[in-house]
Structure formats: structure tokens, C-alpha cells
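Here the structure comes first, spelled out in C-alpha cells, and everything after it is commentary.
The values are calculated or read from the model by the stated rules, or taken from the named source; none is laboratory data. Quick caveat, the model's predicted, so the values are computed rather than measured. All Cβ positions, even for glycine, are placed from backbone atoms using ideal geometry, and neighbour counts span all protein chains on display.
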Amino acid sequence: MNLPQVITDLIKAQDNFDASAYADCFSETAIVLDEGNTYQGRNAIEKWIEDANRQYRTKMKPIAYTENLLKAEISGTFPGSPVVLSYHLVLENGLIQSLEIKE
């Protein structure tokens, strides 16, 4: 699967539970929408993923990618694991500007 470098970096950071490297995939003003919550800015994104990593130990397995949409199997310590989620992305200058995660 041919993924943009920033998405490859995001998956690697997630699988290594590296919140700092994960946040570095986003622009300073990026927005993440997940489970009805909005996280704006790299610092808020890092805190969100750090908390999620601690709670769920999530791993990502990419299934499909088309422009602005990554489908991935997500497994971890949450009920119903694994699930397939859709990552709706807007990329700018090699970084993620926005990410919305949906089932």
C-alpha cells in the first residue's frame, strides 16, 4: 500500500505508543475529532493520544488508503477489539491539518 510519509509515521508512532512522535505528524494548528471530542493544536493532540495509549494500547493495521481516507483495523484493550475505523485526513505541507475518526 502506497501511503504518504506522514501517515506511515503516524502508524509507526501509534504502534510504538509514542505520543510525541504521533503529535509531530500534525501541524501546530491541527484539529482532531474523535468520539464527539475536538482536540486543537499539537499539544492537545499529544495529550489526547497519550491518554488513549495509556487506556487502550491501540495498534493500527492499515487496510486501504485513498486520497484523504485511511481505513485501518484498530486493536487494543477496549471492548469489541478489533474494529475497522475510517481516518478522514486533510494533509498540508507534509503534515496532518485535520483528522476525523469514524466507525
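Taking GLU28 and the conditions (1) at pLDDT 95 or above; (2) surrounded by 14 or more Cβ atoms within 10 Å (Cβ to Cβ), which numbered condition does it fall short on, given that it satisfies the others?
(2)
I'd like the residue in the stretch 40-88 that is aromatic (Phe, Trp, Tyr) and either more than 11 Å from the chain's Cα centre (by Cα) or more than 17 Å from SER20 (Cα to Cα) (or both) and, out of all such residues, is surrounded by the most Cβ atoms within 10 Å (Cβ to Cβ). It would help to see each step written out before you state the result.
Here is the first cut: in the stretch 40-88, the residues aromatic (Phe, Trp, Tyr) are 48, 56, 65, 78, 87.
From what is left, the residues that are either more than 11 Å from the chain's Cα centre (by Cα) or more than 17 Å from SER20 (Cα to Cα) (or both) are 56, 65, 78, 87.
Working: TYR56: 14, TYR65: 17, PHE78: 14, TYR87: 23.
Across the stretch 40-88, the extreme among qualifying residues is TYR87.
Working only within the stretch 61-100, note down all residues that are in contact with a strand residue (DSSP E or B) (Cβ under 7 Å, 6 or more places away or on another chain), polar (S, T, N, Q) and in a strand (DSSP E or B).
SER75, SER86, GLN97, SER98
Looking only at the stretch 18-38, filter to residues that are out of contact with any strand residue (DSSP E or B) (no Cβ under 9 Å at 6 or more places or on another chain) and part of a loop (DSSP other than H, G, I, E, B); which one of those is nearest to ARG54 (Cα to Cα)?
This residue is ASP18.
I'm told ARG57 meets every condition in (1) out of contact with any strand residue (DSSP E or B) (no Cβ under 8 Å at 6 or more places or on another chain); (2) without any contact (Cβ under 8 Å) to a residue 40 or more places away in the chain except one. Can you identify the failing condition by its number?
(2)
If we scan the stretch 49-60, do we find a residue that is touching a helix residue (DSSP H, G or I) at 6+ places or on another chain (Cβ under 6 Å), in a strand (DSSP E or B) and under 21 Å from ASN2 (Cα atoms)?
Checking the stretch 49-60: at least one residue is touching a helix residue (DSSP H, G or I) at 6+ places or on another chain (Cβ under 6 Å), in a strand (DSSP E or B) and under 21 Å from ASN2 (Cα atoms).
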